[in-house]
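The values are calculated or read from the model by the stated rules, or taken from the named source; none is laboratory data. Computed from a prediction, not measured in an experiment: that's the story for all the values here. Please note: Cβ atoms are built from the backbone with ideal geometry, for glycine as well, and neighbour counts cover all protein chains shown. To get the accessible areas, we keep the full protein, side chains included, count just its heavy atoms, and leave off ligands, DNA and RNA. Shrake-Rupley method; radii C 1.70, N 1.55, O 1.52, S 1.80 Å.
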Amino acid sequence: MKKLFLTLVGIVAAFSSAFAMNPFVEFQPVIAGGNTCRFNVQGGIHEMMTNNIGLGAGVGITEQWNFDNGPLIPIFVRGDVSGKMGNFKPFFSLDLGYAINTENTNCGAVVVNPMIGLNFGKVYAGIGYQALCWTPKNANASNCFNLKIGYNF
């Protein structure tokens, strides 16, 4: 599964290398779920393929606020659709990827994170629902709502 998502990230990066890519950085201050409070910092590249459709890829680090456990390293691809409604610029994005567990390398998680939000120039914010589906077949899933704040360079 890890190889599949790393391959997807490579394909998106190779496909979009013909376009001028824009870097981004994001911060998720609280992810409430799984009886833990975590934060996530991630960055990547993104490009609008048309006026309303964008593709990107990124990597991040997710850690508990008390730093009790080893961090997760999410690697993801992103697709998004944006529009304009008056002065508002709403968007919908979907991140798909794999989170590498640095504490137990035999256990990772498939990451699915749809999000809706608003663009404010180069700054954006949104609310999403993150699902971590742990890869061992007998493992549970962690699902939670999250807030994401980002900046496009």
> Could you count how many residues in region 94-125 are touching a Phe, Trp or Tyr at 6+ places or on another chain (Cβ under 7 Å) and small (Gly, Ala, Ser)?
Replying inline: 4
> Taking region 53-111 as the region of interest, how many residues are open to solvent by 50 Å² or more (accessible area, probe 1.4 Å) and outside any strand (DSSP E or B)?
Replying inline: 14
>> Can you list residue pairs whose Cβ atoms sit under 6 Å apart, with the first residue in region 53-64 being without any contact (Cβ under 8 Å) to a residue 24 or more places away in the chain and closer than 19 Å to Val110 by Cβ and the second being open to solvent by 20 Å² or more (accessible area, probe 1.4 Å) and outside any strand (DSSP E or B)? Count only pairs 6 or more apart in sequence or on different chains.
In response: Ile61/Pro71
>> As an exercise: evaluate Cys144 against (1) out of contact with any Pro (no Cβ under 9 Å at 6 or more places or on another chain); (2) surrounded by fewer than 14 Cβ atoms within 10 Å (Cβ to Cβ) and give the number of the one condition it does not meet.
In response: (2)
>> So Ala13 ticks every box in (1) under 18 Å from the mean Cα position of the chain (by Cα); (2) closer than 20 Å to Asn152 by Cα; (3) modelled with pLDDT of 75 or more but one. Which box is left unticked?
In response: (3)
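Can Gly128 be described as more than 18 Å from Pro71 (Cβ to Cβ), open to solvent by 40 Å² or more (accessible area, probe 1.4 Å) and modelled with pLDDT of 80 or more?
On the way: more than 18 Å from Pro71 (Cβ to Cβ): yes; open to solvent by 40 Å² or more (accessible area, probe 1.4 Å): no; modelled with pLDDT of 80 or more: yes.
Taking the combined requirement at face value, the residue does not satisfy it.
Sort out which residues of region 59-80 are modelled with pLDDT of 90 or more and either β-branched (Val, Ile, Thr) or in contact with a helix residue (DSSP H, G or I) (Cβ under 8 Å, 6 or more places away or on another chain) (or both), and write them in order of number.
Of everything in region 59-80, those that are modelled with pLDDT of 90 or more and either β-branched (Val, Ile, Thr) or in contact with a helix residue (DSSP H, G or I) (Cβ under 8 Å, 6 or more places away or on another chain) (or both) turn out to be Val59, Ile61, Ile73, Ile75, Phe76, Val77.
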> How many of the residues in region 104-145 are closer than 27 Å to Ser82 by Cα and touching a strand residue (DSSP E or B) at 6+ places or on another chain (Cβ under 9 Å)?
Replying inline: 25
